[in-house]
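Just below is one structure, and these are the notes that go with it.
Only the coordinates and a few stated rules stand behind these numbers; no lab work does. What you see is a predicted model; the values in this text were computed from it and never measured. Neighbour counts run over all protein chains shown; Cβ positions are idealised from the backbone, glycine included.
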C-alpha cells in the first residue's frame, strides 16, 4: 500500500523539536516501510509561526512569509529524516518526491507559496497514486469547533468532502494561519477521490490500527 502522512508541525515542533516523539515516530515509520511505500510531509509548527510573525513585523509580504514557513517545514523534515536514518536530501518538488517514494520512503516539507503542507501531502498522494492520506494532528480528529477551546466540541466519525469544504470556506489562507485544512487540499481531495483520515498523531498504536483496517479513533473524510 502507498500511504501519505501529513504530519503536523505542531506535533514535531510544538515549541522546540520534540525529540522523544520524533524518535518514536521514526521507529514506527521504519516498521511500516517494511510493508508499505511512504510519503511523509511535515509542517513548520511553532518554528514557522515564529519566523513568520517576526517577518510580518518587518513588512514581509505573504509569499515571503510562506517561504519562511516552507524553510521551517523542510528543517523539521530533515530532523525526522535523520531520526529514520534516511540521509537523502529533502525534495523540493513533487516530481522529485514521487521518484523517491516509488522506491520506498520520501520525507519532505513545503514546496511553493500559497498553500499548506496538508495540500502538499494531498498533491503528493494524487501524483504518486497513493491509497490514503493520514492527517496527523494534536487532536483526535475533526470537530464541529475547536476542541482545545470548547469542552463541548463534538468529533465527527465521518465527514463528506462537501461538508469539509463548507467548514473551511472563509477560513484564513494567510501564511502560517492555515486552519483545519486549507481549501487547496480540499479541492485536490475532491477531484482525486483519495480518502483522508484525521487522527491524533501522538497515538501511534491507533494509527497502526487504522492502517490495518481495525477499529480506530479518528475522522474519515471521503
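Using a simple spin-label model with pseudo-atoms 7 Å out from Cα toward Cβ, residue 193 and residue 153 lie 3.2 nm apart. If I build a Gaussian network model for the chain, linking alpha-carbon pairs within less than 10 angstrom, which residue out of 57, 24, 95 has the largest mean-square fluctuation? Looking only at 57, 24, 95, the largest GNM fluctuation is found for 57.
By the count of other C-beta atoms within 10 Å, a proxy for reagent exposure, 139, 106, 122 are ordered fewest to most as 139, 106, 122.
Subtracting the Cα-Cα distance of residue 169 and residue 222 from 0.36 nm times their residue separation leaves 17.3 nm of extension gain. In terms of overall dimensions, the C-alpha atoms belonging to the chain reach 48, 43, 34 Å along their principal axes, ordered largest to smallest.
Tell me, how many Å apart are the Cα centres for region 7-42 and for region 74-102? For region 7-42 versus region 74-102, the Cα centre distance is 12 Å. Counting only Cα atoms, the size of region 26-140 along its three principal axes is 47, 31, 26 Å, in decreasing order.
Put in line by how crowded their Cβ is, counting other Cβ atoms within 10 Å and starting with the fewest, 202, 115, 89, 13 read 89, 202, 115, 13. Of all beta bridges that DSSP places with both ends in the chain, some 15 percent have antiparallel geometry. Normalised by the number of residues in region 81-222, the mean separation of alpha-carbon contacts (under 8 Å, six or more apart) gives a relative contact order of 27 percent. Would you look at the GNM of the chain, springs on alpha carbons closer than 10 Å, and say which of 51, 103, 193 moves the most? In the Gaussian network model the winner is 103.
Full extension of the chain between residue 82 and residue 62 yields a length gain of 4.2 nm, computed as 0.36 nm times the residue separation minus the alpha carbon distance.
With springs only between Cα atoms under 10 Å, which of 87, 124, 47 fluctuates most in a Gaussian network model of the chain? Looking only at 87, 124, 47, the largest GNM fluctuation is found for 87.
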